[in-house]
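> Just dropping this structure here.
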Amino acid sequence: MADNNFRSYADVDHLSIVDEIIKSDNPLCFSDTLKLSNVASAEIFGCYIVGGKEDCIDIMRKSSLVNIVHCTLASSGKFCITIKGGSGRIKISNLVIENHGTETDIDIGNYYNSFEPGWLPVEDVVINNVTSSDGKPVKVRLLNCNKVTIIGGNCKVTKVPSIFWKIYFTLRDWNIIKG
């Protein structure tokens, strides 16, 4: 079943979203506030984004060269940012989490039904100076990913061992569990 997103960008090159307040009057009507799917070279700068029931920003399907800089994110659901589906070269800098996600704040390498074997790992993510307005650590969950660098800020990282996410992803593919 496809997500219902507030703003979606697919198969786009050179996306620029600058100094915007991005929110819905009813955020729980939407899965994600911003969805980037197969987007190459994107800048999200100086924005205030209120999330849907899943994400503020969902980056997927081999999106690359995405920079999220000087933004504030207010989750209304599970996550603030999800990066999945073979996406890479993502930089998140000087970000403030205003409302934490219920599951985690930044989720890297989660399940993505890509119809390609191997679930396409996320590659090369830099998280630089990411904090929260309440002073609590920003929760970062690492699943199917490589080369994640965290510089400064206040982040608590949880790396899920590959055996667990591989079993989970396989059970999702076989429709034994839903997520």
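The numbers here are math on the coordinates, done by the rules we state, and not lab data. Everything numeric in this text was worked out from a predicted model, so none of it was measured. All Cβ positions, even for glycine, are placed from backbone atoms using ideal geometry, and neighbour counts span all protein chains on display.
> Which value, in nm² and rounded to one decimal, describes the direction-averaged projected area of the C-alpha convex hull of segment 60-123?
Working: hull surface 17.0 nm².
The directionally averaged projection comes out at 4.3 nm².
> Can you list the HN-Hα couplings for segment 123-137, worked out from phi with the Karplus curve (6.51, -1.76, 1.60; θ = phi - 60°), rounded to whole Hz and with x for Gly and Pro?
With coefficients 6.51, -1.76 and 1.60, one gets 10, 6, 10, 10, 10, 10, 6, 9, 9, 10, 6, 8, x, 6, x Hz.
> A follow-up question, please. Going by how many other beta carbons lie within 10 Å of each one, how would you line up Val138, Val122, Val12, fewest first? Please list the in-between numbers first.
Working: Val138 26, Val122 30, Val12 15.
Starting with the residue having the fewest Cβ neighbours, the order is Val12, Val138, Val122.
> Quick one: putting +1 on the C-beta of Lys and Arg, -1 on the C-beta of Asp and Glu, what dipole do you get for the chain around its Cα centre, in Debye to the nearest 20? Show your work: numbers first, answer last.
Values: 19 positive and 20 negative charges, 124 e Å.
For the chain, the charge dipole is close to 600 debye.
> Return the percentage of antiparallel bridges among DSSP beta bridges fully within the chain, rounded to the nearest 5 %.
Details: 0 of 61 bridges.
Looking only at bridges with both residues in the chain, the antiparallel portion is about 0 percent.
> Using a 10 angstrom cutoff on alpha carbons, build the Gaussian network for the chain and name the most mobile of Glu54, Glu123, Glu43.
Answer for the Gaussian network model of the chain: Glu43.
> Taking the Cβ-Cβ separation of Leu65 and Phe164 as r and a Förster radius of 45 Å, what is the calculated FRET efficiency to the nearest 0.05? Kindly include the intermediate steps, with their values, before the conclusion.
Working: r = 30 Å, r/R0 = 0.67.
According to the calculation, E is roughly 0.90.
> Per residue of the chain, what 222 nm ellipticity follows from adding -39500 (n - 2.57) for every DSSP H run with n ≥ 4, rounded to the nearest 500? Don't jump to the answer; show the numbers that get you there.
Working: 1 runs with 12 residues, N = 179.
Helices in the chain give a 222 nm mean residue ellipticity of -2000 deg cm²/dmol.
> Treating the Cα atoms of the chain as identical point scatterers in vacuum, please give the log10 of the normalised Debye intensity I(q)/I(0) at q = 0.09, 0.13 Å⁻¹, two decimals.
For the requested q values the scattering log ratios are -0.27, -0.58.
> How long is the gain from Lys91 to Arg172 if the chain were fully straight, where each residue apart is worth 0.36 nm and the alpha carbon distance is subtracted? Before the final figure, lay out each step's value.
Numbers: separation 81, 0.36 × 81 = 29.16 nm, distance 2.88 nm.
26.3 nm is the gain from fully extending Lys91 to Arg172.
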